[in-house]
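Working notes, structure below.
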Amino acid sequence: MTEGKVGRPARLDRVSIARAAIALADRTSLPQVTMRALAAEIGSAPAALYRHVDDRDGLVALMIDEVLAERTAVEAKGSWRADLSIFAVGIFALHSAHPWLSTGVLPETMGPGLGEVMDEAIGLLASHPAPAGRKYSAIAVLLELVAGHARAAARLEDSAAVIVEDAGSSGSVDETGHGADEDYATAVIIAAVGGILNSEDL
């Protein structure tokens, strides 16, 4: 039986690179995900990464597409408010699992995964008579509001953790009401989306 070379890194492809980068970002933060740091993480030379991604912005776009692929697509039931609420909850779940998504340091150019998510959301608005351009504006606002709420929630959680640490408590941060806060945020976001859809100024 022939043994493989010890310490030889696994064959690289775009998916394995994206997953390794996501794991690194989840554990640290998005600014910590550099090409050099990722290469060290997976036991490869930085040059090897550039055979699969053009630059760091391309890497982050790849990470976002891989994260978006974790979502379960929402099947339209006929009520755009109810359908879009489920959609928003799914996006909230991604931000909860990957806090770096809402850090505000994302690249300007996104991968095809974001386009697919936008198209899915637009499909959920099929019953609304607003023109396509207004629907795209509404979904863009929805995504930004979800990210903003996720950022605020993360800051609150960090502040609570610091307070607990400073107090010398061994207890964990109290998350009572977190689900209710998210439900309220979703309701507010859907109301904002409705306002945009019905606006004649856009």
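The values are calculated or read from the model by the stated rules, or taken from the named source; none is laboratory data. Predicted model, so just to flag it, every value in this text is computed and none were measured. Virtual Cβ from ideal backbone geometry, glycine too; neighbours counted across all protein chains shown. With ligands, DNA and RNA removed, areas are computed over all heavy atoms of the protein, side chains included. Shrake-Rupley method; radii C 1.70, N 1.55, O 1.52, S 1.80 Å.
Multiply the residue separation of Met35 and Val15 by 0.36 nm, subtract the distance between their alpha-carbon atoms, and state the gained length in nm to one decimal.
Working: separation 20, 0.36 × 20 = 7.20 nm, distance 1.53 nm.
Additional length available on full extension: 5.7 nm.
Give a quick list of chymotrypsin sites (Phe, Trp or Tyr not before Pro) in the stretch 8-107 that DSSP marks as loop, anything other than H, G, I, E or B, with at most 15 other Cβ atoms within 10 Å.
Working: sites: Tyr50, Trp80, Phe87, Phe92, Trp100; in loops: Tyr50.
Answer by residue number: Tyr50.
Placing a pseudo-label 7 Å from each Cα along the Cα-to-Cβ vector at Ala192 and Ser127 gives an inter-label distance of 2.4 nm.
Per residue, the stretch 1-153 exposes 54 Å² of accessible surface when a 1.4 Å probe is rolled over the protein heavy atoms with every protein chain present.
Within the stretch 27-118, report the GluC sites (Glu not before Pro) that DSSP leaves as loop and that have at most 16 other Cβ atoms within 10 Å.
Values: sites: Glu41, Glu66, Glu70, Glu75, Glu108, Glu116; in loops: Glu70, Glu75, Glu108.
When the GluC sites (Glu not before Pro) of the stretch 27-118 are filtered for loop state and at most 16 Cβ neighbours within 10 Å, Glu70, Glu75, Glu108 remain.
Taking label points 7 Å from Cα along the Cα-to-Cβ direction, Arg27 and Thr103 give a separation of 1.5 nm.
The share of accessible area on the stretch 108-156 that comes from carbon and sulfur is 64 percent, using a 1.4 angstrom probe.
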